[in-house]
Amino acid sequence: MSPRLLLGLLCCAPVLALADAAPDPAAVQKQIQDLEKQQRREAQKIDQAEEQERIKLRARERDELAKVQRDTSSAVATATTGAVATGTTAAFDPAKFAQLKFAEDEVHNLIQNQLGAEISLRFDRERKALDRKYALQRAKLEAQQIDAGDDTAKQRETATKTADLNDQYQQKYDDLALEQATEEAKVRYARTTAINTAERDLAALMNKRMLDQTSKPGAAPWNPAADPEYAKLTAARDQAKNELETALDEVRAKFSSRKTDLDNAKEDDLAKLNGG
């Protein structure tokens, strides 16, 4: 072997050895700490952006409820004036007051189950993407710490591919969870309106029965248990509540099945990657 060739091999040897050597643990720990700091700061920005949206939403809720309250106050004033003028309760409209209560309930439904849910879903999507990004970076750092002697390079490569595969499936899991949350929010919004409608009809009946009671001094007290209309409306209200829970159970069952399919696909892909 010529002296020049020997010198070339000796110069390259340290480089080849370093390529498979495990990184300095202190340096790796510093990198992980830096990643955690970056993730924390990005998460804070997401939290702050969401809070700004929540502030706007709370302002809208107050405005919508104030409108209902003004309508209610106006209806009360009109009915009171009519009662003073006529000496009767004829000006009190049970259905109208029940409708005003329905309007208030629907404001809460809109804010909580539609607009609020939309905000939660939007920022949850950002948080999940952030978590995935940094989880993948940490996993790849950990892969480079593997020291398996002659098999180091192969095991590091496998660990890196595993990290990528886990990241791909985590995105699928996250997308599935967000899809489920979106569908559940839609169900809650629609079914809660049905419950509020049933509550409105029940409140209108009860208001009417109370007014009838006050306009007929000496009449027997109203007994809800003996009132067929009351029984019918309470049954409708209870059915609406039951239908909400049933619909949510159906959504959860559907997505549980899809998650199981994902679990099985991931298990198969990991087995292929590891030679199973």
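Throughout, read-outs are computed from the coordinates displayed, never taken from laboratory work. Quantities reported herein were computed from a predicted structural model and do not represent experimental measurements. With ideal geometry, Cβ positions are generated from the backbone for all residues, glycine too; neighbour counts draw on all protein chains shown.
The residue that is farthest from the chain's Cα centre (by Cα), among those in the range 194-237 that are surrounded by fewer than 17 Cβ atoms within 10 Å (Cβ to Cβ) and within 30 Å of residue 119 (Cα to Cα), is 197.
The single condition from (1) free of Cβ contacts under 8 Å to residues at least 60 places away in the same chain; (2) assigned to a loop (DSSP other than H, G, I, E, B) that residue 136 fails is (2).
Residues that are more than 15 Å from residue 126 (Cα to Cα) and surrounded by 12 or more Cβ atoms within 10 Å (Cβ to Cβ) within the range 39-55 comprise just one, 54. Would you check if residue 104 is among the acidic types (Asp, Glu) and surrounded by 17 or more Cβ atoms within 10 Å (Cβ to Cβ)? Spelling it out, residue 104 is indeed among the acidic types (Asp, Glu) and surrounded by 17 or more Cβ atoms within 10 Å (Cβ to Cβ). Among the residues of the range 136-149, how many are farther than 19 Å from residue 24 by Cβ and either surrounded by fewer than 16 Cβ atoms within 10 Å (Cβ to Cβ) or in contact with a strand residue (DSSP E or B) (Cβ under 9 Å, 6 or more places away or on another chain) (or both)? Selection size over the range 136-149: 0. For the range 150-180, filtered to residues that are of a type in the set (Gly, Ala, Ser) and within 23 Å of residue 264 (Cβ to Cβ), the residue that is surrounded by the fewest Cβ atoms within 10 Å (Cβ to Cβ) is 177.
Note on the range 139-156: residues that are outside any helix (DSSP H, G or I) and touching a residue at least 24 places away in the same chain (Cβ under 8 Å) total 4.
Got at least one residue in the range 60-75 being among the hydrophobic types (A, V, I, L, M, F, W, C) and under 21 Å from residue 119 (Cα atoms)?
We begin by selecting, within the range 60-75, every residue among the hydrophobic types (A, V, I, L, M, F, W, C); these are 65-66, 68, 75.
If we keep only those that are under 21 Å from residue 119 (Cα atoms) as well, we get 65.
Yes, the range 60-75 contains at least one residue that is among the hydrophobic types (A, V, I, L, M, F, W, C) and under 21 Å from residue 119 (Cα atoms).
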